[in-house]
Amino acid sequence: MTMLGRLTFAALEQGPIVFAAQMLVLFGALGVAALITYLKRWKWLWNEYLTSLDAKKIGIMYLVVAAVMLVRGGIDALMMRAQQAVAVGNNAGYLPPEHFAQVFTGHGVIMIFFVAMPLMFGIMNVILPVMLGTRDVAYPFLNSVSFYLFTAGAALVMASLVIGQFATTGWTAYPPLSELAYSPGVGVDYYIWALQISGIGTLLAGINFIVTILKKRAPGMSLMKMPMYAWTVLGSMMLVVTAFPVLTATLGLLTLDRYLGMHFFTAGGGGNMMMYVNLFWAWGHPEVYILVLPAFGVFSEVVATFSGKRLFGYTSMVIATMAITILSWLVWLHHFFTMGAGADVNAFFGIMTMIIAIPTGVKIFNWLFTMYRGRVRFTTPMRWFLGFVALFTIGGMAGVLMAVPPADFELHESLFLVAHFHTMIVSGVLFGDFAALAYWFPKVFGFTLSEKWGIRAFWAWTVGFMLAFIPLYVLGFMGATRRLDHYPAGLGWNPLFIVAGVGALVIASGVVCQAIQLYVSIRDRRKNRDLTGDPWDGRTLEWSTPSPVPFYNFARTPIVAIRDPFWAVKYGLAPQTPENDYLSIELPRGSGLGLVIGGAAFAFAFAMVWHIWWLVMLGALVMLGALFVRFLDEDTESIISADTLRRFDTATV
Amino acid sequence: MTRDLLVPSVQVTVPPFTERREITLLGFWIYLLSDAIIFACLFATYAVLHVNTFGGPGARDLFSLPYVLLETFVLLVSSFTAGLGALAAYRGNARQVLGWFSVTLLLGLAFLSLEAHEFVGLVAGGHGPAQSGFLSSYFTLVGTHGLHVALGSFWMLFMLIAVYLRGLTETNVRRLTMLSLFWHFLDVIWIFIFTIVYLLPFIK
């Protein structure tokens, strides 16, 4: 046994394409570090962001990581599309099967765990406490730990690109393929630890936000006066704290199989691989709703604001949100009707799957009725919403079609399925997050984003999406299965794959538009400054604060008497509520221990992957030690006096 | 357009700010819920795999009910003493807190020794967790519970030192409350383990 376990130089030598990726990661990281050094921003970064316990700052860090990972996952997507556009007949394509398998696995894992999740958590951190009229989340330090555990997971996936391989099993890592007997390398171990570490971070964040919503709302804001976004986050986080433990347990069992030779999911020894598939989707299906519910909440805020009307059917929206939360626990088996559980079981899950479309339909109609006879302004966020309605309805109907078990037997693991879930996640989750970013950007940074480039990005994404995925629906009907690195000529598939490839390029141009949008907006930030704090004629509490939101959120705790309190008071529809006097407040002091825990978690996980046992022990000890240091410190808050607050507040107004 | 915004009554009762203790405890309850779900997964796995003995011994061949009954009593009594300790914490009696939680810690360690003895015996007899799906799920379910008891014991040791050094500060009382919740939770899990893993095979 060497000092470095099974890590050798061979882990670094993997041919020209991987070499290019390795260099990209390395020089990317070095370039960023050099840039920060050149700008002399290390101290600023450390004090203002890395050690900050302010939810708004943590939210921005989530969004930065999400943006980096979106580019990585997007490059994976382009590589797959390029391979499938050319790998037909005698042409084997440019990617060997082993590498292609890593690319589709990486794409799935990254887009779900390290793009969609951090976008959701980033937006929540940035805006939810302000929306609720509170100063911070329930547990600011835990929030920092959650972020760094998540980032440790993302870093592990990036590390797998440079050192060793990633899993070749697909993002679901079904056994027995993911067992030691068939995947002896480090790929599946990277997968397990990246998901395990970031999953625990997610679980802790889930607890944090539930308590924030239930216990930290402004006085007077009863549950039924909360903004719709808060309701959807509540539903989503309830799913996080009930579903992520299932993922933790499942990955734990796979770990025991791989590290200690147990027989949970092995092909022999009394294992049962379908147990894994059931457990995985018992987490996996709620996960879909974890992602999409907050996006539904974003759309509820966006549509009401840009239609100049209150949200239609608030109560039915709350009921629909909670119905989806509960029903999403009762549909997991539709991911594997082909298991052969029998007609009765399949029928139950098929019917439940169709039923869940009903509350979702309620939501769609509520949004449309909100627009009805409103003064609709077609801003970027509103366009993302309209694109979402069109695409999501198509994707949703494809889903109801596959909920019929006999139809699913035909379409199972086909490209039709791939097209379906991409429609749901891209239009539902990603468009929702993009709408949120455009909508709340001025609140966070103090200036609005360029509408021109936002709308260009919207069209590129929408048109590109249709070009990329409508061919996949057709290909699915033609019998093309997912994850093909090569297919015979003469099936008539190639033209459709080429169209899909062109679509992926158009989507990529949408990402380029977003990058230009960011650049142009920062360049013109003085011109586009949001001086009022209310650039969109908003309705909820966050628009009552100056932009960007001051670190204490509210100088005086707001008192809420009505839904959409800011709008109501602004237009004289509700009397001005009596304002609290300035009071001294406690805010959490910054702490670098979250970063220490995340770093130690990364070292721990990396060492587990490569069997470097001394580093495993060291990582675990550092994590425990950091927790002890935190527990012993009873002086974690700093006090801001009422006078200081008054001075800040009158200066900003 | 704006008419549909109903004007509500302006009567707003301002509730006192929720105290930190209440906030922490709610979060801890939710953590316990999520931990219970981890155990639920392990129970489900055990339920599926316990018949997969792969030609090896089954539950009836390996377990001894009187021995497990002893483990159960040790753990149940420790839960009782932990409860007494928590009550003493609410009364502000630091000496009793130290006393009752020390007893609880000793009982917890006794439980862990009993369990370790059982595990060592099984492995020594050639029936380790790698033998069959049944034994994998058995060791993992019972072992995860044992791991929780071990972590709870460390926590208890930490709290004993903290109370000894700093007395019953607000922070310490809050943490003792969580610790006793955690300990009772492990008891509840054990009742299910006792019933499903150990008792059921002998009833059938």
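The values are calculated or read from the model by the stated rules, or taken from the named source; none is laboratory data. If you're wondering where the values come from, they're calculated on a predicted model, not measured in any experiment. Because the Cβ atoms are built from the backbone with ideal geometry, glycine has one as well, and the counts that use them run over all protein chains shown. These area figures cover heavy atoms from the full protein model, side chains too; ligands, DNA and RNA do not enter into them. Shrake-Rupley method; radii C 1.70, N 1.55, O 1.52, S 1.80 Å.
Check the straight Cα-Cα distances from A:LYS309 and name the lysines below 20 Å, setting aside those fewer than 8 residues away within the same chain.
A:LYS225, A:LYS363, A:LYS570
Any chance you could check region A:224-248 for residues losing 20 Å² or more of accessible area when the partner protein chains are in, compared with the chain on its own (1.4 Å probe)?
Relative to the lone chain, where solvent access is computed with a 1.4 Å probe, region A:224-248 loses at least 20 Å² at A:VAL241, A:THR242, A:PRO245, A:VAL246.
About its Cα centre, what dipole magnitude does chain A give when the only charges are +1 on Lys and Arg Cβ and -1 on Asp and Glu Cβ, stated in debye to the nearest 20? Display every interim value, and only then the final one.
Working: 39 positive and 33 negative charges, 380 e Å.
Using Cβ point charges on Lys, Arg, Asp and Glu, chain A gives about 1820 debye.
Measure out, as a whole number of angstrom, how far apart the alpha-carbon centroids of region B:73-150 and region A:1-36 sit.
45 Å
What is the average number of partner chain Cβ atoms found within 10 Å of a Cβ in A:553-562? Spell out each step's value before the answer.
On the way: counts 0, 0, 0, 0, 2, 0, 4, 1, 6, 7.
For this peptide, the per-residue mean of nearby foreign Cβ atoms is 2.
May I ask you to give the solvent-accessible area per residue for chain B, in square angstrom, as obtained with a 1.4 angstrom probe? Spell out each step's value before the answer.
Values: 9760 Å² over 204 residues.
Value returned for chain B: 48 Å² of accessible area per residue.
Across every pair of different alpha-carbon atoms, what Kirkwood hydrodynamic radius in Å does region B:72-204 reach?
Details: mean 1/r = 0.0634 Å⁻¹.
Evaluated on region B:72-204, it is 15.8 Å.
I'd like the GluC sites (Glu not before Pro) in region A:566-649 restricted to DSSP loop residues with at most 14 other Cβ atoms within 10 Å, sorted by number.
Details: sites: A:GLU579, A:GLU586, A:GLU634, A:GLU637; in loops: A:GLU579, A:GLU634.
Here the GluC sites (Glu not before Pro) that fit, given the DSSP loop and packing criteria, are A:GLU579, A:GLU634.
Pop out the carbon and sulfur fraction of the accessible area of region B:23-109 as a percent, whole number, probe 1.4 Å. All intermediate terms of the calculation are to be shown ahead of the outcome.
Details: 2940 of 3950 Å².
Roughly 74 percent, rounded to a whole number.
What is the helix-to-structure angle for B:65-91, meaning the angle in degrees between its Cα long axis and the longest Cα principal axis of chain B, kept from 0 to 90 and rounded to the nearest 10?
With both axes taken from Cα atoms, the answer is about 20 degrees.
Taking the 0 to 90 degree range and rounding to the nearest ten, how far is the long axis of helix A:380-402 tilted relative to the main principal axis of chain A, both from C-alpha atoms?
Tilt of helix A:380-402: around 40 degrees.
Averaged across the residues of A:267-280, what count of C-beta atoms belonging to other chains lies within 10 Å of each residue's C-beta?
On the way: counts 0, 2, 10, 15, 7, 6, 0, 1, 7, 1, 0, 4, 4, 0.
Whole-number average of other-chain Cβ neighbours for A:267-280 is 4.
Tell me which aspartates and glutamates have Cα within less than 16 Å of A:LYS216's Cα, excluding those fewer than 8 residues away on the same chain?
Those aspartates and glutamates meeting the cut-off are A:ASP54, A:ASP136, A:GLU542, A:GLU586, B:GLU19, B:GLU22.
Given the peptides A:445-453, A:36-44, arrange them by the average over their residues of other C-beta atoms within 10 Å, most packed first. Could the numbers behind the result be given before it?
Details: A:445-453: 19.4, A:36-44: 10.4.
Per-residue Cβ counts within 10 Å, averaged per peptide and sorted highest first, yield A:445-453, A:36-44.
For region A:547-653, which trypsin sites (Lys or Arg not before Pro) are in a loop by DSSP, counting at most 13 other Cβ atoms within 10 Å? Kindly include the intermediate steps, with their values, before the conclusion.
Numbers: sites: A:ARG556, A:ARG563, A:LYS570, A:ARG589, A:ARG630, A:ARG646, A:ARG647; in loops: A:ARG556, A:ARG563, A:ARG589.
Filter output for region A:547-653: empty list.
Quantify how strongly other chains surround peptide A:213-222 by giving the mean number of their Cβ atoms within 10 Å of each of its Cβ atoms. Before the final figure, lay out the partial values.
Numbers: counts 0, 5, 8, 3, 2, 1, 6, 6, 1, 0.
For this peptide, the per-residue mean of nearby foreign Cβ atoms is 3.
Pull up the cross-link candidates among the lysines for A:LYS43, meaning alpha carbon to alpha carbon under 23 Å and not fewer than 8 places away within one chain.
Of all the lysines, those that pass the test against A:LYS43 - Cα under 23 Å, at least 8 places apart if same chain - are A:LYS56, A:LYS57.
Suppose R0 equals 45 Å; then what is the FRET efficiency for A:THR2 and A:THR650 from their Cβ-Cβ distance, rounded to the nearest 0.05?
Values: r = 65 Å, r/R0 = 1.45.
FRET efficiency, A:THR2 to A:THR650: 0.10.
For B:LEU33 paired with A:LEU491, estimate the spin-label separation in nm (one decimal), with each label point 7 Å from Cα along the Cα-to-Cβ line.
If labels sit at B:LEU33 and A:LEU491, their model points lie 4.6 nm apart.
Could you tell me what percent of the accessible area of region A:527-650 is made up of carbon and sulfur, with a 1.4 Å probe and every protein chain present? Present the calculation step by step, with values, prior to reporting the outcome.
Values: 3780 of 5910 Å².
So the carbon and sulfur contribution to the accessible surface is 64 percent.
At what distance in angstrom do the alpha carbon centres of region A:383-458 and region A:153-183 lie from each other?
One Cα centre to the other: 27 Å.
Compute the helix-to-body angle for B:94-124: its Cα long axis versus the longest principal axis of chain B, expressed 0 to 90° and rounded to tens.
30 degrees
Hey, can you find the accessible area per residue of region A:276-366 for me, probe 1.4 Å, expressed in square angstrom? Don't skip to the end; give the middle numbers.
Details: 2650 Å² over 91 residues.
With the other protein chains kept in place, region A:276-366 gives 29 Å² per residue.
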